């Protein structure tokens, strides 16, 4: 037996302070009412730090600081100078990449391999990419001199804490806006380290403000009269509430919400790579991915070999300590999320789907869920319709390409889809018909700052990334 | 594989058309995906006890190779001594799997290795190009076996393969296998000349269908030798072949594997693709020469805690 010895990444590279204030106007400040909450390591339930809980007065202060920085400094600064700051931030992120990766894994529970090889490199890439746009906005296709919107209120989820921050902040700043960002309450630490990076980069005070807190803080921020733009990534329910609350106001909104993506495997697919794509589609980041390929649609003629291959591959997944460099699947981010995954999985079983997980030892402390597949799932099962946001795959079958499209589109969501086939013409045929913001062909969960990302239907509206991503932050 | 069962496998080699239909019916290989998977496995971090275990296994899997026009009995004898006792200072260091030489050097190697348990492998079949008439390839093989080689590393007919004459490739391998008698046959695909992963998969199946005991990546004589993704595709092939037929075939990447780090990446690839059953010198080999000293250097580093200079390891 080739047993891999533990290969833990060192925690010593990151210095976690016992307590963090709010980042307002270029400095860390105490919250007005002195409230703090704890953030824990979901892999061990160990308390990592205490973080300020921003109330309405704090949000007010942050929005005022962002407004002042917008009026006096950032909106007046030539694009090439804004670019210098963004390039500087991107370089510091690269230089402090290991520190950010370890902190992300500690606070979120994701494997260090992912934070090191995916999240943090993409974060830097986003800042580099949008830095390049800052002085070229007149060539972006939005008129000769597109104007920024003003102060952007940005609320981000816990699944890719720093990456979602980058998706929000980099284009906003490049376009000349200032921001107030609220990270998720379970994963605030990398955003606060990013605040330190803004200081290190000498970013003018007030251009980036970070207010930590839970749902109430987010509500105060998006409902604040002083913000011009709201960008939200998170659940569809909260997205709908935000859309309602800003209806009739001048605020522009982009929403990136849930998904229940179909990953469609045709009989002529490269099976070994398709199985990798299925695994990557649903088990990447413990399935905490809005565009996760959570519905596998397999052509009936290859159902058995695909399923056998998938099970064999799943038996090789290494679940455990997120800081171990050989871990494939880390911890579920919170007790609440674990509960939701368990509830929906139990419903899957009760509704008659067959549940399977490879044998795996889960750690005693922390929040864990074994990678799981359900076979015999139909469109009528709740696990085929509702977003589970965990390492749980529903397997369905289809007979013809037309049926595949019909089933793939039969969901209120429309964020992403995957197509596996060796036939180029079929990829184009499918991409034409799938109602999803991203269609991956013979790959899954591939991200690049140059490529726009966003949803159809209840998966939201607006695009992030690429030239399209600038539009959300320009007055066009 | 999807539509074929073990029972009708014999019919796939009944005609050129049947063989072509079978090979072209194998699932394709997506280049990007295969390379990504191999690269991901290359990031596994193998430390301490796992590394020590992997190094000793890798040493036991080395086919210590010299295939030069300048080879002499003296050179081959020196290499055989190294094969028996790779680290003269440390009796716990295992022997390598085999010595791999040209047919003319087989008698020297066999004599020098007698009683050691180290196998004598000989390249044959007009290695490395294979561009000779079949009778000469067979005679080459028989001569090597007669001289004492118990493993034969043959090259496939890439010219025939690339022009789609799959049955010819198959029949040649089958004939060489017969000429081998009791000797084990390793079938060199020369993947650098096949150039696509689809071709590698098809050639792997031809080699296995024709009775090869091992499939091997390369001769080491063309610019592109063993790579991780090519080896991944071949390991998938032997895994699938055993699922279908019950017969296990070995894999030997050769050429370009020079460091311990590289060798460990291959072992991880085997472990996470085909599993334990292939983590044995009977089923996985490294065709290499310089690799051995790096393995020894890392082995010494693990036991003593310090790196020793190259002068502390024997020349081969």
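No value in this document is a laboratory result; all are computed from the given coordinates. Computed from a prediction, not measured in an experiment: that's the story for all the values here. So basically every Cβ, Gly included, is an ideal-geometry build from the backbone, and we count neighbours across all protein chains shown.
Working from the alpha-carbon coordinates of the stretch A:262-441, get Rg over Rh, Rh being the Kirkwood radius.
Over the Cα atoms of the stretch A:262-441, Rg/Rh equals 0.95.
Semi-axes of the equivalent ellipsoid of the stretch A:135-209: what are they in whole Å, largest first, if each equals the square root of 5 times a C-alpha gyration tensor eigenvalue?
Each semi-axis is √(5λ); the values are 24, 14, 10 Å.
For chain A, what does the relative contact order come out to in percent, with C-alpha contacts under 8 Å and a separation of six or more?
Numbers: 1094 pairs, mean separation 85.4, N = 476.
Relative contact order for chain A comes out at 18 percent.
In percent, what relative contact order does the stretch B:197-296 have, based on Cα pairs under 8 Å that are 6 or more apart in sequence?
Here the relative contact order equals 28 percent.
Please arrange B:93, A:290, B:80 by counting, for each residue, the other beta carbons lying within 10 Å of its beta carbon, fewest first.
Ascending Cβ contact count within 10 Å gives the list B:93, B:80, A:290.
Taking only the alpha carbons of chain B, what extent do you get along each of the three principal axes, in Å, biggest first?
Dimensions of chain B along the principal axes of its Cα atoms: 59, 43, 33 Å.
May I ask for the distance between the Cα centers of the stretch B:21-45 and the stretch A:167-241, given as a whole number of Å?
If we compute the Cα centre of each part, the gap is 41 Å.
Please order A:288, A:381 by the number of other Cβ within 10 Å, starting at the fewest. Display every interim value, and only then the final one.
On the way: A:288 23, A:381 18.
Going from least to most buried by this count: A:381, A:288.
Which order do the peptides B:247-255, B:46-54 come out in when sorted by mean C-beta neighbours inside 10 angstrom, highest first?
Ranked by mean Cβ neighbours within 10 Å, highest first: B:247-255, B:46-54.
Which number do you get for Rg(Cα) / (2.2 N^0.38 Å) in the protein assembly as shown?
Expressed relative to 2.2 N^0.38 Å, the Cα Rg reads 1.08.
Taking Cα atoms of the stretch B:232-316, Rg/Rh with Kirkwood Rh, to two decimals?
1.08
Under the 0.36 nm per residue contour assumption, what length would be gained going from the current alpha-carbon distance of residue B:146 and residue B:314 to full extension?
Length gained between residue B:146 and residue B:314: 57.3 nm.
Given that compact globular proteins tend to follow 2.2 N^0.38 Å, what is the ratio of the alpha-carbon Rg of the stretch B:267-309 to that value?
Taking the Cα Rg and dividing by 2.2 N^0.38 Å, one obtains 1.45.
Given the DSSP H assignment, sum -39500 (n - 2.57) over each helix run of at least 4 residues in chain B and divide by its residue total; what's the result at 222 nm in deg cm²/dmol, nearest 500?
-14500 deg cm²/dmol
Remind me, relative contact order of chain B in percent, using alpha carbon pairs under 8 angstrom and six or more residues apart?
Numbers: 574 pairs, mean separation 60.2, N = 316.
Averaging sequence separation for qualifying contacts and normalising by length gives 19 percent for chain B.
Could you work out Rg/(2.2 N^0.38 Å) for the stretch A:100-248, with Rg from alpha carbons only?
So the Cα radius of gyration is 1.05 times the expected 2.2 N^0.38 Å.
Cut-off is 10 Å between beta-carbons; in what order do A:77, B:234, B:297 appear when sorted fewest neighbours first?
A:77, B:297, B:234
What is the extension gain from residue A:139 to residue A:29, computed as 0.36 nm multiplied by their sequence separation minus the C-alpha to C-alpha distance, in nm to one decimal? Working shown, then result.
On the way: separation 110, 0.36 × 110 = 39.60 nm, distance 3.94 nm.
Here the answer is 35.7 nm.
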